[in-house]
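Report on one structure; see the data block that follows.
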Amino acid sequence: MTEVPSLYFKPNYLSDIQSWHGHVFFLHDLISEINPSNIVELGVHKGDSLFSMAQSCNDLKCKTKLYGIDHWKGDSQAGKVDDKIFSNVSNISNNYFKNVSLIKSSFDDALKSFENKSLDIIHIDGFHSYEATKNDFENWIPKLKNDGVLMMHDISSLNDDFGVVDFWNEIKREFTTVEFEHSQGLGVLFNSGFKKKTNYFKRLLNPKYLEFFKIYYSLCSTKLRIEKLLDGAINPFEKQMYLTEYTHLKNACLQQSKNLSNRKFPFNFINV
């Protein structure tokens, strides 16, 4: 690995809900390393994470099939979801991502459509109560390949009713995991048969390197947010302010990616 591929990734289909945006860069690199055959997302809503995954698969020329499962009825956490949201998600999927299948269903009812140990990546981002998250995890973990990866969003949320935080803190003791605290938090769980074959995973799963990955992905997240402000700026002083910040962040991301790719990284490498 000479550079992390996400350095040049620009997601094309992001909604006004920004809580997942900061994790699209890690997801891009994960897909680059795994080259998955099948991905399931539980909780699509407006499609930010699903379409970022699909775009990554297309950009990286992965022959991946993605399944987005949601009832698109809304709930007390996601708010009201009307037919326009599902229609927009369907239109994007149909027009740009032939590798995506949308399944309008409850997560439990969709279980029968997938064989055990058939999925490379599962992303859980449904109702975030403790009970719902536990149910989703226990029902779907058998569908994950022995060397698969499961992601869980909102693990660092401060919302009072997000029991996903407590559930993640329970299960992370039983698996090899990585946590990213930015953008509401993303928990990454590596199943029991996962083999750390590449330099990327060897470094990601090495505690001495992990903090530098966290800095890199957080910088990418902030760069994306500032870029959005730059694109929407009207006044010259706003454009100049955001352009300066964006340029500094872009350079910082570049330098951090070089650090992560450098075989002479400033640590004694531990072969884990």
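Please verify whether Ile234 is outside the structural domain of Ser32 (by TED's automatic domain parsing), over 14 Å from Ser6 (Cβ atoms) and in a loop (DSSP other than H, G, I, E, B), treating the condition exactly as stated. Answer is yes for this residue.
To keep it simple, each residue is scored yes or no on (1) of a type outside the set (A, V, I, L, M); (2) surrounded by fewer than 18 Cβ atoms within 10 Å (Cβ to Cβ).
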| site | (1), (2) |
| --- | --- |
| Glu170 | yes, yes |
| Arg173 | yes, yes |
| Gly185 | yes, no |
| Ala233 | no, yes |
| Glu238 | yes, yes |
| Thr247 | yes, yes |
| Leu260 | no, no |
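What about Lys202, is it closer than 15 Å to Glu33 by Cβ and assigned to a loop (DSSP other than H, G, I, E, B)? No.
Criterion applied to Asp48, Asp125 was being assigned by TED's automatic domain parsing to the domain that holds Lys145 and free of Cβ contacts under 8 Å to residues at least 40 places away in the same chain, and the one residue passing it is Asp48. Within segment 94-101, is there a residue that is surrounded by 11 or more Cβ atoms within 10 Å (Cβ to Cβ) and touching a Gly at 6+ places or on another chain (Cβ under 6 Å)? No, every residue in segment 94-101 fails to be surrounded by 11 or more Cβ atoms within 10 Å (Cβ to Cβ) and touching a Gly at 6+ places or on another chain (Cβ under 6 Å).
The set of residues in segment 141-167 that are assigned to a helix (DSSP H, G or I) and buried (at least 22 other Cβ atoms within 10 Å of the Cβ) comprises Val164, Phe167. Of everything in segment 5-43 that's in contact with a Cys (Cβ under 9 Å, 6 or more places away or on another chain) and among the aliphatic types (A, V, I, L, M), which residue is surrounded by the most Cβ atoms within 10 Å (Cβ to Cβ)? Among those that are in contact with a Cys (Cβ under 9 Å, 6 or more places away or on another chain) and among the aliphatic types (A, V, I, L, M), it is Ile39. Quickly run through segment 22-46 and pick out the residues that are farther than 22 Å from Phe201 by Cα and modelled with pLDDT under 95. The answer is Gly43, Val44, His45, Lys46. Listed by first and then second residue, the pairs linking a residue in segment 229-253 that is within 19 Å of Leu219 (Cβ to Cβ) to a residue that is assigned to a loop (DSSP other than H, G, I, E, B), with Cβ atoms under 6 Å apart and 6 or more places separating them unless they lie on different chains, are Tyr242/Ala233.
The values are calculated or read from the model by the stated rules, or taken from the named source; none is laboratory data. Here the structure is a predicted model, which is why all the values come from computation and not from measurement. For neighbour counting, all protein chains shown are included, and Cβ atoms are generated from backbone atoms with ideal geometry for every residue, glycine included.
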